[in-house]
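Enquirer: Pasting in a structure now, in structure tokens, and then I'll have a few things to ask.
The values are calculated or read from the model by the stated rules, or taken from the named source; none is laboratory data. What you see is a predicted model, and the numbers here were worked out from it, not measured in a lab. Cβ: placed from backbone, ideal geometry, glycine included. Neighbour counts: every protein chain shown. Heads up: the accessible areas ignore ligands, DNA and RNA and are worked out on the full protein's heavy atoms, side chains in. Shrake-Rupley method; radii C 1.70, N 1.55, O 1.52, S 1.80 Å.
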Amino acid sequence: MPEGLGSPVTRMIGLAAGPVLFVAALAAPMPADMSEPAAAVVALVVWMVAWWVTQAVPIAVTSLLPLVILPLADVMGMGDAAASYADPVIFLMLGGFIIAAAIEKHGLH
């Protein structure tokens, strides 16, 4: 088992609990002034937290859930959901992480 991952039972429970909690959060009564798209985003956050806490899937996979769920829930289009992933600051940080990993790998740190 890879280091940092929970037990297989915890991961399987989390894998099933994420979508179940998503549906439960959608069905739960929301404040009167909350719109349906906002309720869908809250439900998505609940799903993502369940997967993060139980480490049911790698965090990178969990972070891609909005690309799938937000367009399906009619909160926003695929292009709008993907725009947040293409922010220049994200690419700047990604480049820095890649350089840091290369420096560490070759013992230059």
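Enquirer: If packing is taken as the mean number of other Cβ atoms within 10 Å per residue, what is the order of 64-76, 41-53, highest first?
Expert: Details: 64-76: 15.8, 41-53: 17.8.
Ranking, from highest mean packing down: 41-53, 64-76.
Enquirer: Now, a different point. Along the principal axes of its C-alpha atoms, what lengths does the stretch 10-69 span, in descending order and rounded to whole Å?
Expert: Dimensions of the stretch 10-69 along the principal axes of its Cα atoms: 35, 21, 15 Å.
Enquirer: Turning to a different aspect of this structure: How much accessible area per residue does the chain have, counting only protein heavy atoms and a probe of 1.4 Å, in square angstrom?
Expert: 69
Enquirer: Any chance you could look up the accessible area of Ser7 with a 1.4 Å probe, heavy atoms only, rounded to 10 Å²?
Expert: Surface accessible to solvent at Ser7 totals approximately 50 Å².
Enquirer: Using the Karplus curve 6.51 cos²θ - 1.76 cosθ + 1.60 with θ = phi - 60°, what ³J(HN,Hα) values do you get for each residue of the stretch 54-71, in whole Hz, with x for Gly and Pro?
Expert: Taking θ as phi minus 60°, the curve returns 8, 6, 4, 9, x, 4, 4, 5, 4, 5, 8, 3, x, 5, 8, 6, 4, x Hz for the stretch 54-71.
Enquirer: To continue, here is another question. Would you mind getting me the FRET efficiency between Ile98 and Val49? Use the beta-carbon distance for r and R0 = 35 Å, nearest 0.05.
Expert: Working: r = 28 Å, r/R0 = 0.80.
The computed FRET efficiency comes out at 0.80.
Enquirer: Which value in Å does the Kirkwood hydrodynamic radius of the chain take, with 1/r averaged over all unlike C-alpha pairs and then inverted?
Expert: For the chain, the Kirkwood estimate is 16.1 Å.
Enquirer: Figure the gain on full extension for Ala28 and Leu15 (residue separation times 0.36 nm, minus the Cα-Cα span) and round it to one decimal in nm.
Expert: Stretched fully, the Ala28-Leu15 segment lengthens by 2.6 nm.
Enquirer: What ranking, highest mean first, results for peptides 21-34, 88-101 when packing means the other Cβ atoms within 10 Å averaged over each residue? Numbers along the way, then the final one.
Expert: Working: 21-34: 12.3, 88-101: 9.9.
Going from most to least packed, we get 21-34, 88-101.
Enquirer: Could I ask something else about it? Hey, any idea what % of the chain's accessible area is carbon plus sulfur with a 1.4 Å probe?
Expert: That share works out to 75 percent.
Enquirer: Then there is this: If the only charges are +1 at each Lys and Arg Cβ and -1 at each Asp and Glu Cβ, what is the size of the charge dipole of the chain around the Cα centre, to the nearest 20 debye?
Expert: In debye, rounded to 20, the chain gives about 360.
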